[in-house]
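So the structure is just underneath, and the comments pick up after that.
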Amino acid sequence: MKVTFTFDETVVKQQGHTLDDIYYTIKTLFGKYGLPCVSEDSVLAFEDQGGKNDFAHMWLAIMALLKADWFVQCAATCTWYEDGESPEDVLSQAWKFREAKRA
């Protein structure tokens, strides 16, 4: 399993953030669950470690981000990769998580 993120630096700056701060925040969130950052250049990526709770932990982190206004405003992509399956555009489904947040 893997999840990747990209950001438009112009949009990030317009929203009053820095890419370094966003990367730090996301890396801290995934690190809380023991999920390592495997790429932090133009694509920020995290992979599972084969633990029995990795799937749940990854989705807890992803859902927390999708519910955060700053993330939805700044993210260009959020893509989920499940072994052997087609990539899934998670960002396009953010509205589902955001509606659940309001309920």
Selection from region 48-94 of residues of a type in the set (Gly, Ala, Ser), outside any loop (DSSP other than H, G, I, E, B) and within 13 Å of Leu35 (Cβ to Cβ) yields Ala56, Ala61, Ala64
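For region 35-63, which residues satisfy the criterion of being touching a helix residue (DSSP H, G or I) at 6+ places or on another chain (Cβ under 7 Å) and either open to solvent by less than 50 Å² (accessible area, probe 1.4 Å) or basic (Lys, Arg) (or both)? Walk me through how you get there before you give the answer.
Filtering region 35-63 down to residues touching a helix residue (DSSP H, G or I) at 6+ places or on another chain (Cβ under 7 Å) leaves 35, 37, 40, 44, 46, 48, 61, 63.
Answer for region 35-63, where residues must be touching a helix residue (DSSP H, G or I) at 6+ places or on another chain (Cβ under 7 Å) and either open to solvent by less than 50 Å² (accessible area, probe 1.4 Å) or basic (Lys, Arg) (or both): Leu35, Cys37, Leu44, Phe46, Asp48, Ala61.
Hey, can you tell me all the residues within region 17-47 that are hydroxyl-bearing (Ser, Thr, Tyr), part of a helix (DSSP H, G or I) and without any contact (Cβ under 8 Å) to a residue 12 or more places away in the chain?
Passing the criteria: Tyr24, Thr25, Thr28.
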Can you find even one residue in region 32-51 that is among the polar types (S, T, N, Q) and closer than 18 Å to Leu66 by Cβ? no
Applying the selection to region 1-31, what residues are farther than 18 Å from Trp70 by Cα and hydrophobic (A, V, I, L, M, F, W, C)? Met1, Val3
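The values are calculated or read from the model by the stated rules, or taken from the named source; none is laboratory data. The shown structure was predicted, so the numbers you read here are calculated from the model rather than taken from an experiment. Here Cβ is always computed from backbone atoms with ideal geometry, including for glycine, and neighbour counts include all displayed protein chains. Side chains are part of the model used for accessible areas, which takes the heavy atoms of the whole protein and leaves out ligands, DNA and RNA. Shrake-Rupley method; radii C 1.70, N 1.55, O 1.52, S 1.80 Å.
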